[in-house]
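Have a look at the structure below, then the notes.
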Amino acid sequence: MASYRGRLAPTPTGRLHLGHARTFALAAQRCRAAHGQLIYRTEDLDQARCQQAFTLAAQDDLHWLGIEWQEGPDIGGPHAPYQQSARLEFYLSIWKQLHATGHLYPCDKSRQDVARSLQAPHAEDDREPIFPAALRPALDAHLGATDPGKTNWRFRVPDGEVITFQDQLQGPQAFTAGKDFGDFLVWRKDGFPAYELAVVADDHAMGITEVVRGADLLLSTARQKLIYRALGWDAPAWAHASLILDAQGQRLAKRHDGLSLQTLRARGKTPQEVLTAPIASLW
Ligand code: GLU
């Protein structure tokens, strides 16, 4: 069996909060228990919102918590392997593979186009609306494109297929393509890959054997499984940590400063308390 490789993959758009702390601690703990290697990867593809200061703050918060990694930009290796914004050529090669095998199409439809389409059911939670199949181009359209250009590209999902996986923490999962999620973005018109493409490309290239992350990404895992299959790659195992809710039952977001690590540290909480105390006691 391949030796365990895990990763911490924060997006530097804000300070880490309690939810990140507990998920990353779990990632580190599972890696340690398996005598594996942990990688730190900065997911900074959203150029408008990501800041180097948040990357540095995240690393400082994680060190304070006692979470250590064995590979990452701060450890002396070359920067490019661990910073997504430095890996565009690599993502482009993956776009080409997916495009060459007919999985992608360019899409200039706006959110309003999607909303106007009668066949776009409105998801009940905060999920993206399902991209209506009626707005897809013909199967053979655009096969001649040699680069993504300045347009969005979507992955064509196999309508009606049930995508299943066994989550290491949440148990068996099943999502239906075309119903729970639709054709999703893999490339953005600003010239950067979308999250789903970049994360699969990197987890594969970095030899990740288990992905530990928040349960808000369970549905994304179904999309990502389709990308692994399209590329002919083995998928890693997944362990999705349950989300931490605040006193009102809302998910913690980075803007929710009440439980940011910055605030908790300023209030004198210890790493031990941050990682293990009942949530209510941390307010
Ligand atoms: N970078 C993502 C985030 O901070 C996590 C992606 C992942 O773990 O797959 O939300």
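The values are calculated or read from the model by the stated rules, or taken from the named source; none is laboratory data. Quick caveat, the model's predicted, so the values are computed rather than measured. No Cβ is skipped: glycine too gets one built from the backbone with ideal geometry, and neighbour counts run over all protein chains shown. SASA here: full protein model, heavy atoms, side chains in, ligands and nucleic acids out. Shrake-Rupley method; radii C 1.70, N 1.55, O 1.52, S 1.80 Å.
Given the structure, is A134 of a type in the set (G, A, S), open to solvent by 10 Å² or more (accessible area, probe 1.4 Å) and assigned to a loop (DSSP other than H, G, I, E, B)?
Judged against the criteria, A134 is not a match.
Could we say that L62 is buried (at least 22 other Cβ atoms within 10 Å of the Cβ) and modelled with pLDDT under 95 here?
No, not satisfied.
Which of the residues spanning the range 138-155 are in contact with a helix residue (DSSP H, G or I) (Cβ under 9 Å, 6 or more places away or on another chain) and open to solvent by less than 60 Å² (accessible area, probe 1.4 Å)?
The answer is A145, P148, W153, F155.
Would you tally the residues in the range 208-250 being more than 18 Å from R5 (Cα to Cα), open to solvent by 40 Å² or more (accessible area, probe 1.4 Å) and away from the ligand (no atom under 12 Å from the Cβ)?
The number of residues fulfilling the criteria is 9.
Just one of D74, D126 is among the acidic types (D, E), assigned to a loop (DSSP other than H, G, I, E, B) and either modelled with pLDDT under 95 or farther than 30 Å from L18 by Cβ (or both); which is it?
Of the residues listed, the single one that is among the acidic types (D, E), assigned to a loop (DSSP other than H, G, I, E, B) and either modelled with pLDDT under 95 or farther than 30 Å from L18 by Cβ (or both) is D126.
May I ask you to say which residue of V186, V199 is open to solvent by less than 10 Å² (accessible area, probe 1.4 Å), within 15 Å of the ligand (Cβ to nearest atom) and not in a helix (DSSP H, G or I)?
V186
Looking at A230, A241, A194, A237, which is the one that is within 26 Å of Q47 (Cα to Cα), under 20 Å from the mean Cα position of the chain (by Cα) and small (G, A, S)?
None of the other options fit; the residue is A194.
From the list R7, R49, which one is more than 17 Å from G207 (Cβ to Cβ) and among the basic types (K, R)?
The conditions single out R49.
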